[in-house]
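Colleague: Below is one structure. I have some questions about it.
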Amino acid sequence: MARVQPVKEANKKNQTKVQKSNTQPKGKVEPAKAPVKKVASKNEIMFFRLGMSIIALALITVAIIFTIEYFMNKDEEPGVFDDYISITASDLSYLTGYDDNSGVYGDFTYFAGQESYAELFSLINSNTEIYIFFYSSSALNDDVVNAIKDADLEGKAFFIIDLDKEAANLGGAAFAHLNLDLNRTNLLVTFDVELQEFSIELRAVDIIRELSKI
């Protein structure tokens, strides 16, 4: 008769072994470590401060440069009569004053050979009429200003004098023959070199009319 093996008992032992293996304690899980914060060294702090100082200095320098350029450009704004030759009372005395040596008005030789008067000298030697416009830069007449700009003055001996700067120097006997009314803010003197005659316009409307004839 065949012998029956105790299968159930063997299976029971295997199951017990599996259960024991499954119930063994797991390894301990270490908590994640927080990143260590790096502390800046003294050299790094020094370089950082130095860099910030350089940037601040650069910004201040740029701001100063732009401010200076702004005010320089503002001061250099073109004037109303920048395109015309401006003269002084002293220049006018040589241009229209009586010359005892020659017996005529105007000593043009004074302007000869001087670089700063090269254009003026060329104009007075190529024109028989010289125009001198007296104006007050602080009280400009827009109608007169526009008439001057509209006039064909290219190649003409047309010169200007600012009364705000030169009026105090124009009251002497050397200018008496011009009949200047220095209480006016606009005057136009015409000097006919050939006829040795002077004419003057005092009113704005008359000045505008004469400018249209030039």
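The values are calculated or read from the model by the stated rules, or taken from the named source; none is laboratory data. As the structure is a prediction and not an experimental result, all values here were calculated from the model. In this analysis, Cβ positions are derived from the backbone assuming ideal geometry, glycine residues included, and neighbour counts consider all displayed protein chains.
Colleague: Can you confirm whether ASN127 is in a loop (DSSP other than H, G, I, E, B), assigned by TED's automatic domain parsing to the domain that holds PHE158 and either at pLDDT below 95 or in contact with an Asp or Glu (Cβ under 6 Å, 6 or more places away or on another chain) (or both)?
Modeller: no
Colleague: So, restricting to strands (runs of 3 or more DSSP E) that lie completely within the stretch 146-214, which ones have at least 3 residues that are crowded, with 17+ Cβ neighbours inside 10 Å?
Modeller: 157-162, 186-192
Colleague: Okay, next question. When the residues of the stretch 132-145 are narrowed to those that are aliphatic (A, V, I, L, M) and in a loop (DSSP other than H, G, I, E, B), which ends up surrounded by the fewest Cβ atoms within 10 Å (Cβ to Cβ)?
Modeller: So the residue we want is ALA139.
Colleague: Within the stretch 108-124, can you find the residues that are of a type in the set (Val, Ile, Thr) and modelled with pLDDT of 95 or more?
Modeller: Residue satisfying the conditions is ILE124 alone.
Colleague: Looking only at the stretch 107-124, count every residue that is surrounded by 13 or more Cβ atoms within 10 Å (Cβ to Cβ) and either part of a loop (DSSP other than H, G, I, E, B) or under 30 Å from the mean Cα position of the chain (by Cα) (or both) and tell me the total.
Modeller: 3
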